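The block underneath contains the structure these notes are about, expressed in structure tokens.
The values are calculated or read from the model by the stated rules, or taken from the named source; none is laboratory data. Bear in mind the structure is a predicted one, so any value in this text is a computation, not a measurement. Here the Cβ is made from the backbone with ideal geometry for all residues, glycine too, and neighbour counts use every protein chain on show.
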Amino acid sequence: MKPIKYADRITGIEKSELRQLFDKAPPDSINLGLGEIQFPTPKIITERAIDIIRQRNIRYTPNAGLPELQKAITNYYNIKLNKNVCVTTGAEEAIFVSLFSFINSGDEVLIANPTYIAYKTIIKMLGGVVVEFDLDSKSNFKLDRNDFTNRITSKTKVLLINNPSNPTGKCFSENEMDFMVSKCNENDILIIVDEIYRELYTDKKPITFLDKTGKIIVISGLSKSHCMSGWRVGWTVSNDPDLIKPIIISHQYICTCAPYISQEVAITALSSEGMKVQNKIRLELESNKKFVLKQFEQLLPSLPILNNTSSPYLFININIDEIMLVNELIKNGLIVMPGRIFGSNGKHWIRLNYATDKKKLAKGIHIIKKIL
Ligand SMILES: Cc1ncc(COP(=O)(O)O)c(C=O)c1O
């Protein structure tokens, strides 16, 4: 028998470069490459989950999520609940289902260079066309306004950005936000903003794009803010219910609803008690950031590190071929991410995640010192 052919939309899409790199690392490597907060899920969450499990009433929920959770989400944004939320299986499903609901084959989707690596793949899987605009590495990854404007065509359907950014940890300034929103409004472009890192600020809490006026969908979730990556809770939210309507339909046929237990604990996570615990996670990350910056200052004082305002990433300019460096580090038991996998403007940069214990961080930085 001949092998069964994969669907065209998946052909040529390989396991992400990130995963391929991890696979080469020795088993006891220090992993500062992952996009995860490597702290345990808070007890307030796990205890609540145990209570729910004991009740043995674990069922489907409405497709858009438990009404109490939808309410908690709109309260978080200080907006009114009005069929404008869809709870998803993590932010990743939220990204997929949002694009799935709005782009047709050949539609252009604007993304930043550099940005979160999954965006390109999902756009391609859905038949969309990726159009990158520059964040200029020579000026601290500021928005290149001319380039942004020039990339807009009659086929541009969506602007998909993340704020704060993975990999740089930087936020757009309010001026940059207003500029992008006004360009999108002029050109009838839907704006999708992934704000999954918003609660991990190290300066002041970033404003949400939901405070701006336009066709705007915000995506977020609890994987990063509450160390809940394995629980798979995310959401899409908008001021405009018409933008969420098609997302709820697609989401219904993709996974019916997000897991019931995770939705119940998400209500706890977003309660005032849950947000107090969240703030402790944020402060722990801030302390880790100070620690790694001090280590670098002592061991590699001339290494340029991007000044950013969000955890958990440091973006470091190493001025040599970063793929070569990363491979060398991996052989020596340290995983970090090469900048160019996030886009060509990340060339000569590496991304380091400091959301782990300080001993591992110190060891990792010593390996970087040794190799550099
Ligand atoms: C920018 C960004 N969006 C979304 C996700 C996925 O989040 P979730 O675990 O909620 O699916 C990640 C994970 O690394 C991310 O970095």
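Of all residues in the range 17-58, those satisfying the criterion of being among the small types (Gly, Ala, Ser) and either farther than 30 Å from Glu264 by Cβ or more than 18 Å from the chain's Cα centre (by Cα) (or both) are Ala25, Ser29, Gly33, Ala49. Checked against (1) crowded, with 16+ Cβ neighbours inside 10 Å; (2) farther than 27 Å from Lys358 by Cβ; (3) within 16 Å of the ligand (Cβ to nearest atom), Glu264 meets all criteria but (3). Under the condition of being among the β-branched types (Val, Ile, Thr), touching a strand residue (DSSP E or B) at 6+ places or on another chain (Cβ under 7 Å) and touching a residue at least 60 places away in the same chain (Cβ under 8 Å), the residues counted in the range 268-305 number 1.
Within the bounds of the range 92-108, is there any residue that is of a type outside the set (S, T, N, Q) and under 30 Å from Ile305 (Cα atoms)? Yes, some residue in the range 92-108 is of a type outside the set (S, T, N, Q) and under 30 Å from Ile305 (Cα atoms).
Of all residues in the range 85-106, none are away from the ligand (no atom under 11 Å from the Cβ), among the hydroxyl-bearing types (Ser, Thr, Tyr) and under 20 Å from Gly343 (Cα atoms). For the range 285-303, the criterion of being surrounded by 19 or more Cβ atoms within 10 Å (Cβ to Cβ), within 16 Å of the ligand (Cβ to nearest atom) and outside the structural domain of Cys171 (by TED's automatic domain parsing) is met by at least one residue.
Please tell me if Asn308 is part of a helix (DSSP H, G or I), within 24 Å of the chain's Cα centre (by Cα) and in contact (Cβ under 8 Å) with a residue 40 or more places away in the chain. Here the answer is no, as Asn308 does not meet what is asked. Within the range 171-192, at least one residue is at pLDDT 95 or above, crowded, with 24+ Cβ neighbours inside 10 Å and within 27 Å of Tyr260 (Cα to Cα).
Can you find a residue in the range 278-300 that is touching a Gly at 6+ places or on another chain (Cβ under 6 Å) and not in a helix (DSSP H, G or I)? Looking for residues that are touching a Gly at 6+ places or on another chain (Cβ under 6 Å) and not in a helix (DSSP H, G or I), one finds none in the range 278-300, hence no. The single condition among (1) farther than 19 Å from Ser98 by Cα; (2) crowded, with 20+ Cβ neighbours inside 10 Å that Ile244 does not meet is (1). Residues in the range 200-241 that are among the hydroxyl-bearing types (Ser, Thr, Tyr), within 16 Å of Asn166 (Cβ to Cβ) and buried (at least 24 other Cβ atoms within 10 Å of the Cβ): Ser220 only.
Mind listing just one residue for me: the one in the range 124-167 that is part of a loop (DSSP other than H, G, I, E, B) and within 16 Å of the ligand (Cβ to nearest atom) and, of those, farthest from the chain's Cα centre (by Cα)? Don't jump to the end; show me each part of the working.
Residues of the range 124-167 part of a loop (DSSP other than H, G, I, E, B): 126-128, 140-141, 144, 152-155, 163-167.
Okay, now just the ones that are also within 16 Å of the ligand (Cβ to nearest atom), so 141, 163-167.
Details: Phe141: 17, Asn163: 8, Pro164: 8, Ser165: 7, Asn166: 6, Pro167: 9 Å.
Checking each candidate, the answer is Phe141.
Restricted to helices (runs of 4 or more DSSP H) entirely inside the range 1-112, those with at least 2 residues that are buried (at least 17 other Cβ atoms within 10 Å of the Cβ) and modelled with pLDDT under 95 are 17-24.
Across the range 318-327, what is the total count of residues that are exposed (fewer than 15 other Cβ atoms within 10 Å of the Cβ) and not in a loop (DSSP other than H, G, I, E, B)?
Step one: of the range 318-327, the residues exposed (fewer than 15 other Cβ atoms within 10 Å of the Cβ) are 319-321, 324, 327.
Now narrow it down to the ones that are not in a loop (DSSP other than H, G, I, E, B): 324, 327.
Total meeting the criteria: 2.
Being touching a Phe, Trp or Tyr at 6+ places or on another chain (Cβ under 8 Å), small (Gly, Ala, Ser) and surrounded by 20 or more Cβ atoms within 10 Å (Cβ to Cβ), is that true of even one residue in the range 129-140? So far as the range 129-140 goes, yes, one or more of its residues are touching a Phe, Trp or Tyr at 6+ places or on another chain (Cβ under 8 Å), small (Gly, Ala, Ser) and surrounded by 20 or more Cβ atoms within 10 Å (Cβ to Cβ).
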